[in-house]
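In what follows, a structure is listed as structure tokens, so that the remarks can point back to it.
A short reminder: the numbers here are calculations on the coordinates, not readings from a lab. On a predicted model such as this, the values are computed, not experimentally measured, just so you know. Every residue, glycine among them, receives a Cβ derived from its backbone with ideal geometry; neighbour counts consider all protein chains shown.
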Amino acid sequence: MAADLQTIRIKDDYLRQALLGQVFLVEDGGMGSMLQARGLMGEGVCPDLLNLTAAEDVTAIQREYVQAGAQVITTNTFGANALKLAGRATVADVYQAAADNARAAGARYVAGDIGPTGSLLEPMGSMTFEEAYELFAEQARAAQAANCDLIIIETMADLREAKAAVLAARENTDLPIFVTMTFGEDGRTFLGTTPAIAAATLSSLGVSAIGLNCSLGPEELAPLAAQMAEFVRCPLVVKPNAGLPRMQDGKTVYDVTPEAFAHAMAPIIDAGATIVGGCCGTTPDFIRCLSEVVAGKMPKPRPFPQDFVVASAQQACVLSAGKPCVEVIGERINPTGKPKLKEALRAANYDYLVGEAVGQMLAGASILDVNVGMPELDEPQTLRHAVDALQATVAAPLQIDSSDPVAIEAAVRGYAGKPLINSVNGKQENLDAVLPIVKKYGCSVVGLTLDEDGIPPTAEGRVAIARRIVEAAEGNGIPRSDIAIDCLVMAAATNQAEVLEILRAVTLVKQELGVRTVLGVSNISFGLPQRNMVNATFLAAALGAGLDMPILNPLSARYMDTVASYRVLNGQDAGGRAFLEAYSQATDPYQGGAAKASANQAADTGQAASAADDEGECPIAVPDALSDVAQLVRQIVQYVLTGRAQPMAAATQELLENHQPLDAVNGVFVPVLDVVGMKYDRGEFFLPQLMASAEAVKAGFDVVRAQVQQGEASAAGAANTSDSNDADNVIVVATVEGDIHDIGKNIVKMLLENYGFRVIDLGKDVTPERVVRETRESGARLVGLSALMTTTVKAMERTVQLVHEQLPGVAVMVGGAVLTQEYADQMGADFFAKDAAEAARVATRYFG
Amino acid sequence: MRSMRLDSSVDEAEALRYLGYAGQQLDGSLMVRFHDAAHKVNALRPVGMFQAFPIECFLNDEEGVSCGVRLQGTPFVLPGRDIAAHVRGAIEVALMAVTLGAESEMLLRRETALSKTDGMLAHACASSLVEGAANSLSAKVEAYAQERGLASGDRFSPGYGDFPLSSQRDFCQTLGTQKALGLCVTEANLLIPSKSITAVCGLFAQDRVGASPCEADERADAFRACESCPSEGNCAFRAEGRTCYGS
């Protein structure tokens, strides 16, 4: 059942058997309520310090647990990290005392206990993954130094934090690691993780045992434990509370009796739990009854899970063993041939990636490929930032796509979930570099059938490489259920003889190796006309040959139509329900001249038609240079006034076909923006209208910029398209330290960009030091600061002072709901802008 | 203490008001986007919790004015003259917390990444939703009060008047919001998830409650709290008929 036992230190044979799931192991119960009962938990008492100040009491409680049958005693160190101890004692001293206490109680196994940091990790909170890791690492080292026999990481609500703790324990000790997470009544953690996702992610990380504790009683935990058991590759731990807490006379009480608790644990044990104990509200009596339940019993063997899983913290893509299942990997986050994505990556504009991600998810992708490989970028850093931005905003699990092992590791280390690594290949050097990362971080992996001699032309040649990859992976402790093989598609135009070999290879690797399969579909049509048609045909053939995960552009309805139809044929879409829902009203693209086939596209068309070009008043004069397209200009003005970005882009494109970018910018965009600003000032527009108009102009600017970059326009245009690196139009903007409100700052940023300034956005909660650093590095001459709350105006003042002190010649403009000209003057700001339109005017005057 | 699911849905008129809407002529496409934002936000599941504590005593400052409220069974003292005045005469106070959860953070981040306008619309809708959830929790507090022959007064939140934002941390620790709701407090004493509300509510003998402000007066009462705010007189929120603690 358990893997990796050879690399850890196991105290004795019984523990070894327990880690193999062959015997039951009983842990202890609650500590807090026991300390309370002894009157030790007075006002402001830190329970972890009681190891030092009330050692005998702690030992006495733990002795009661030993006598009740607990084999594992957890040290009283749940909150003993440097942050929470806050200098009152060292982490090492607390763990030493706590382990001594537990040993003095007669514990068979002393488990160094590690609880959550107490701070929220990014992106919700401000603690970085590395900071959490460092806190946990100090605890883990202290536990090992104090001669603990194992480490218990418990009550984790954030999968990412749990992963930081596991890595810290793994990299700093050689002890067995148990990790348990806590779930709410809805069966998810606060951050949306299900037991199945936690089980798949954490057990792939190679911990010795995983499970659930706290929050709920045994009855409520039973179904969650069963969900976990399906995906756990090691022994399952369950430590419920003594029922659900309720308040009585100002005290928390639990209603389940020790006998009822033990009784309710029976189905949990039947579901596969072999390591059991209690959490809040449980006492030695609970553990005594529980010990009796497992006494003399042997656990039932549990099969090793064979499902292929790729998961984010919130969403799993599961290819169940033995069931037909096709899942789409979206390929669009890849800069190859995508100038806009390239530009976004160069500018570290990860919002653009989020847009691509959401579009693909809505179109039906289950997994999103993330590739940021561009020669001029620092790939490890860019990939990591891209992955962090995506996991903060979209639920779809990610495929980390890079040929650089350093970049792969940078991206997967802090990923909350079980990512799919794309890829490893059959070259020995590559196997040696990538597989240890796959194993260490518990990932699934795509193996490419190429090696030192290239890509073999025959199916058998490809299968042979696939076999070597699978064997090498297993040699690294990676089960074959975590492997998908990509038999590598060649173009039919150049390698026609190989096409059927590729399909045969897909069938063979599945049959002979029992792994999943992946193919990048669109290569097949390279060099042929009607590429989509060829791709869709090949896709259908490949699915028939056994392809599980096509990598494709899900925005192409044609491919998704093929996938949806195939899911009816292979039985995945039971009763064809999803198909009927999506297609019963759809028209056949080959009949009656209907333009679109898919239901999705039909909907798109409807939307476009409804956005009719109703014409309103035109508040700007059409410039002479554009008089031949006056109608189009008036339409663009309407798109801006009504805030419609999509038609704006198309109309701008049309305008630029025969006219200069500069005429579009200075003759249309800027004048209409001035009108928008005026309308806002007069109260004719409210804020969302101003924003929507600004976004529409931005869509137009993007088109202009793309054209300028293609060299189809005069250099004069570039100055006004925020493309120049000239520090003369650079503005740094930030929401000040301590403030997390960034809507106002975002509006200012957008408007400034509309007026052609290059804006460096530092985000929210930005320290004065960082503002100074980034301003200095960028050479910007103007800084815009925003604060919404009276409490953070102080931080704004500090920032203004630091900028003035360290960066003479740099001006600061301030704004925000509670600010006034008077406040701005008091804090020494150079400019006050009451709103975004004013900020744009200030900047224009300043640089003008 | 356990969390409970709270019924709430976006009050579109209120959300528009948060956005500064004052009867401007609206283009259809913006309204479509607004409804879309409301629809997404309505899919969130607000949760909350409350716990009632008997009042042990009022603390007085050197001027003899009540400047704090000590509660039984917890070391947490409600600090400030305004909160003391707000619950004067109450027998118990309920500490309340509601949140739209981590999912709301992800939704708002996503919407903002996709479009700043849509993000802003979603923010306003989420503020309205959490306000509705707080009202829903208030109804539960009122039901609890009635069971005990009491009646509940208005909500009063850290950050109102001289009830300092810095009491957020102890407030949340006393209630156990991190464990029950996943609701935490930042270094700068702001709530995370940001679409969350904490509040204190006095539970009065039923014949006393008439003397205390009632639900309908909530907004007026809120403005009274502004009177002791350092920004009183130059507050941009007030200028628009809103308050800084609206969300």
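By the equivalent-ellipsoid construction on the alpha carbon gyration tensor, segment A:74-124 comes out with semi-axes of 25, 13, 6 Å, ordered largest to smallest. Reducing segment A:456-499 and segment A:13-89 to their Cα centroids gives an inter-centroid distance of 51 Å. Here segment A:122-227 yields Rg over Rh of 0.98, to two decimals, using C-alpha coordinates and the Kirkwood radius. Holding the Cα-Cα limit at 28 Å, pick out from A:K251/A:K764; A:K342/B:K116; A:K745/A:K794 the pairs that are longer than that. Table pairs above 28 Å Cα-Cα are A:K251/A:K764.
With only the Cα atoms considered, segment B:27-139 has a convex hull volume of 156 Å³ per residue. Taking chymotrypsin sites (Phe, Trp or Tyr not before Pro) across segment A:524-593, the ones in a DSSP loop with at most 16 further Cβ atoms lying within 10 angstrom of their Cβ are A:F526, A:Y590. Every pair of different Cα atoms in segment A:143-194 enters the Kirkwood calculation, which places the hydrodynamic radius at 11.8 Å. Rounded to two decimals, the Cα radius of gyration of segment A:508-592 over 2.2 N^0.38 Å is 1.18. Rounded to the nearest 20, the Cβ-based charge dipole of segment A:746-806 about its Cα centre (Lys and Arg +1, Asp and Glu -1) stands at 40 debye. Based on Cα atoms of the protein assembly as shown, Rg over Rh with Rh as the Kirkwood radius reads 0.98. Overall shape of segment A:752-844 was characterised from the C-alpha gyration tensor. The equivalent ellipsoid obtained from it has semi-axes of 18, 17, 12 Å, in decreasing order. Diffusion of segment A:325-427 by Stokes-Einstein, at 10 °C in a medium of 1.306 mPa s and with Rh set to the Kirkwood radius over alpha-carbon pairs, works out to 117 µm²/s. Dividing the helix sum by the residues of chain A, where each DSSP H run of 4 or more adds -39500 (n - 2.57), gives a mean residue ellipticity at 222 nm of -13500 deg cm²/dmol.
Projecting the Cα positions of B:G28, B:A84, B:S152 onto the charge dipole of the protein assembly as shown (unit charges on Cβ atoms of Lys, Arg, Asp and Glu, taken about the Cα centre) puts B:S152 furthest along the positive direction.
Apply 1/(1 + (r/R0)^6) to the Cβ-Cβ distance of A:D588 and A:A464, taking R0 = 56 Å, and write down the FRET efficiency to the nearest 0.05. Calculated transfer efficiency: 0.80. What the Cα convex hull of segment A:482-551 gives, in volume per residue, is 63 Å³. Just name one of A:L500, A:T537, A:M490: the one whose Cα is farthest towards the positive end of the charge dipole of segment A:476-570 (beta-carbon charges, Lys/Arg +1, Asp/Glu -1). So the residue we want is A:T537.
Taking the Cβ of A:V207 as the centre, find all other residues whose Cβ is under 11 Å away and add up their charges (Lys, Arg: +1; Asp, Glu: -1). Overall, the nearby charge balance is +2. Along its first, second and third principal axes, ordered by size, segment A:428-469 spans 34, 18, 11 Å in Cα coordinates. Rounded to the nearest 0.05, the FRET efficiency derived from the C-beta distance between A:A266 and A:Q306 at R0 = 41 Å is 0.90.
A compact globular protein would have a Cα radius of gyration near 2.2 N^0.38 Å; the ratio found for segment A:263-400 is 1.60. Consider all pairwise Cα distances in segment A:385-466 and report the whole-number % of them above 14 Å. Considering segment A:385-466, 61 percent of its Cα-Cα pairs are separated by more than 14 Å. On a 0 to 90° scale, report how tilted helix A:218-229 is relative to the longest principal axis of chain A, with both axes built from alpha carbons and the result rounded to the nearest 10. Long axis of A:218-229 versus the principal axis of chain A: about 70 degrees. Counting charges near A:L626 (Lys, Arg +1; Asp, Glu -1) among other residues having Cβ under 14 Å from its Cβ returns a value of -4.
Below 8 Å, C-alpha to C-alpha, sequence gap of six or more: please give me the relative contact order for chain A in percent. With pairs under 8 Å counted, the relative contact order is 7 percent.
A simple charge model with +1 on the Cβ of Lys and Arg, -1 on the Cβ of Asp and Glu and nothing else charged puts the dipole of the protein assembly as shown at about 1800 debye relative to its Cα centre. Placing unit charges on the Cβ atoms of the charged side chains and taking the dipole of the protein assembly as shown about its Cα centre, the candidate lying farthest along the positive direction among A:L83, A:Q707, A:V515 is A:V515. Using R0 = 25 Å, the C-beta based FRET efficiency linking A:D93 and A:E122 works out to 0.25. Using the alpha-carbon positions of segment A:360-415, Rg (one decimal) and Dmax (whole number) come out as 11.2, 32 Å. Here the 3J(HN,Hα) profile of segment A:546-558, calculated from phi with Karplus coefficients 6.51, -1.76 and 1.60 at θ = phi - 60°, is x, 5, 8, 10, x, 9, 7, 8, x, 6, 7, 4, 4 Hz, Gly and Pro shown as x. Give the Debye-formula value of log10 I(q)/I(0) at each listed q (0.10, 0.16, 0.17 Å⁻¹), with one equal scatterer per alpha carbon of segment A:45-192, two decimals each. Rounded to two decimals, the profile gives -0.33, -0.82, -0.91.
Counting only other chain Cβ atoms within 10 Å of each residue's Cβ, the peptide A:683-696 averages 6. Note on A:C325, B:C125, A:C280: ascending count of other Cβ atoms within 10 Å places them as A:C325, A:C280, B:C125, the fewest first.
Within straight-line reach of A:K300, meaning a Cα separation under 30 Å, sit the following lysines at least 8 residues removed in sequence or on another chain: A:K11, A:K163, A:K239, A:K323, A:K418, A:K439, A:K440. Mean partner shielding of peptide B:65-78, defined as the number of other chain Cβ atoms within 10 Å of each residue Cβ, is 1.
For A:K340, a cut-off of 13 angstrom between C-alpha atoms picks up these aspartates and glutamates, skipping any fewer than 8 places away in its own chain: A:D351, A:E356, A:D702.
Grab the other residues whose beta carbon is less than 13 angstrom from that of A:P554, score K and R as +1, D and E as -1, and report the net. Cβ neighbours under 13 Å give a net charge of -3. Using only side-chain charges placed at the Cβ, +1 for Lys and Arg and -1 for Asp and Glu, the dipole size of segment A:185-266 relative to its Cα centre rounds to 300 debye. Counting, for every residue in B:181-188, the Cβ atoms of other protein chains within 10 Å of its Cβ and taking the mean gives 6. Mean projection of the Cα convex hull over all viewing directions, computed for segment A:519-568: 3.1 nm².
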